[in-house]
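To keep things clear, I will list the structure first and then write my remarks on it.
The values are calculated or read from the model by the stated rules, or taken from the named source; none is laboratory data. Since this is a predicted model, take the numbers as computed values, not measurements. Cβ: placed from backbone, ideal geometry, glycine included. Neighbour counts: every protein chain shown.
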Amino acid sequence: MKKLSLLLAVFLCLFSFTLVGCGDKKDTIRINEVTHSIFYAPLYVAINEGYFEDEGINIELYLGNGSDKVMTALVTGSADIGLLGPEACVYVAAQGRTDLPTVFAQLTKKDGSFLFSRNETFSWSELAGKEILAGRIGGMPEMTLEYVLRQKGYSLNGDVNLNTRVSFADQGPAFAQGTGDYTTLFEPTATNMELNGQGYVVASVGAEAGEVPYTCFAANKSYLNKNTEKVKSFLKAVMKGYKFLEEKLAQNDIDAVYNAIAPSFSGYDRTSIYKSIESYYEIDAWTSSPVMQESAYERLLDIMQGAGQLTTRVPMSQIIDNTIAQELINELQ
């Protein structure tokens, strides 16, 4: 009788544990990010402040190192959501794919690149004949840099040598080893290299280029159709991350922002992270609304066409779906 009671007690204990475990089970979302940068601060704040957990979501974050690679992860099904440049979706749409990767939310509205030089003094007029590590042809860093250079009066037909043979992820190491006169870098890499005496941050590409839908969240249409509420919860957590940034930076409470971001950048010191936060805040890098505007999308196409990477303009409705983002905004008002 005692043995039966003991077995019953063990069974009840295990049963209770199972119920608790089931109740705490979270939906997993696999995110492939184009690069790892403080440029995407709202996402990391949402992760480290527990906003995804609050929404019942477990995040698995992977590094893609390029929008083309993130797009590959999406179309092959190895990622649920991609954080990438929307130009990648334009390219895929132009190829006539049916289950089209669709942008459902915008995260940044400026180019996150900073021009990095071997000299502390700088003028845009001194780039003639210089070599700039610009990133992959057809990627947003390279195309936006081209846009800025054209605005500065350069024809790009020999005026400036844009080195597109070095991948964006390898530009920092290549520059440190002596390649190029300038390079473009995201934060915190740019500030970290400056603090290590490897050059100087001399200009913001984003500040010069103006607003453009630079980085967005995208997923296959089939995934969005099957997981609408999960995606909405995901986006709600990201928006909480943005709200946190907005409020803390308006109060000049950079310590709070640092504490919320630092766990995602364990390889960087406090000074690099602080300065990176300030740099992106100064250029107004993050968008306050995840809904992409048509005027912003058309400007993206202008930049792509100007770079010679787009012959036919893809209608916004073909690759951008603001439905989930707009529904969430309406619910939160």
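Quick notes on this structure:
- Residue within the range 168-182 that is touching a residue at least 24 places away in the same chain (Cβ under 8 Å) and under 26 Å from Ala296 (Cα atoms) present: yes
- Of all residues in the range 65-81 being more than 14 Å from Gly139 (Cα to Cα) and part of a helix (DSSP H, G or I), the one that is modelled with the lowest pLDDT: Val75
- For the range 142-184, a residue qualifies if it is of a type in the set (Asp, Glu) and modelled with pLDDT of 95 or more, and the qualifying residues are Glu142, Glu146, Asp170, Asp181.
- Scanning the range 62-100 for residues being crowded, with 24+ Cβ neighbours inside 10 Å, within 19 Å of Ile47 (Cβ to Cβ) and in contact (Cβ under 8 Å) with a residue 60 or more places away in the chain gives a total of 4.
- Residue within the range 152-165 that is aromatic (Phe, Trp, Tyr) and in contact (Cβ under 8 Å) with a residue 60 or more places away in the chain present: no
- Those residues of the range 35-46 which are of a type in the set (A, V, I, L, M) and out of contact with any Gly (no Cβ under 8 Å at 6 or more places or on another chain), in sequence order: Ile38
- Members of the range 91-100 found to be touching a helix residue (DSSP H, G or I) at 6+ places or on another chain (Cβ under 8 Å) and either modelled with pLDDT of 95 or more or part of a loop (DSSP other than H, G, I, E, B) (or both), listed by number: Arg97, Asp99, Leu100
- Restricted to the range 101-146, the set of strands (runs of 3 or more DSSP E) holding at least 2 residues that are within 16 Å of the chain's Cα centre (by Cα) and buried (at least 24 other Cβ atoms within 10 Å of the Cβ) comprises 101-108.
- Residues in the range 300-333 that are out of contact with any Cys (no Cβ under 6 Å at 6 or more places or on another chain) and in a helix (DSSP H, G or I): 20 in all.
- Verdict on Asp253 being at pLDDT 95 or above and at negative phi: yes
- Matching residues, the range 158-197, being closer than 13 Å to Lys130 by Cα and either of a type outside the set (Gly, Ala, Ser) or buried (at least 18 other Cβ atoms within 10 Å of the Cβ) (or both): Asp159, Val160, Asn161, Leu162, Asn163, Thr179, Gly180, Asp181, Tyr182, Thr183
- Looking only at residues of the range 284-299 that are surrounded by fewer than 20 Cβ atoms within 10 Å (Cβ to Cβ) and assigned to a loop (DSSP other than H, G, I, E, B), we find that the one that is farthest from the chain's Cα centre (by Cα) is Gln293.
Matching residues to (1) in contact (Cβ under 8 Å) with a residue 60 or more places away in the chain; (2) out of contact with any strand residue (DSSP E or B) (no Cβ under 9 Å at 6 or more places or on another chain):
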position: Val202; (1), (2): yes, no
position: Gly206; (1), (2): yes, no
position: Lys230; (1), (2): yes, no
position: Ala237; (1), (2): yes, no
position: Lys240; (1), (2): yes, yes
position: Lys243; (1), (2): no, yes
position: Glu247; (1), (2): no, yes
position: Asn252; (1), (2): no, yes
position: Val257; (1), (2): yes, yes
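- A residue that is β-branched (Val, Ile, Thr) and under 17 Å from the mean Cα position of the chain (by Cα) occurs nowhere in the range 244-259.
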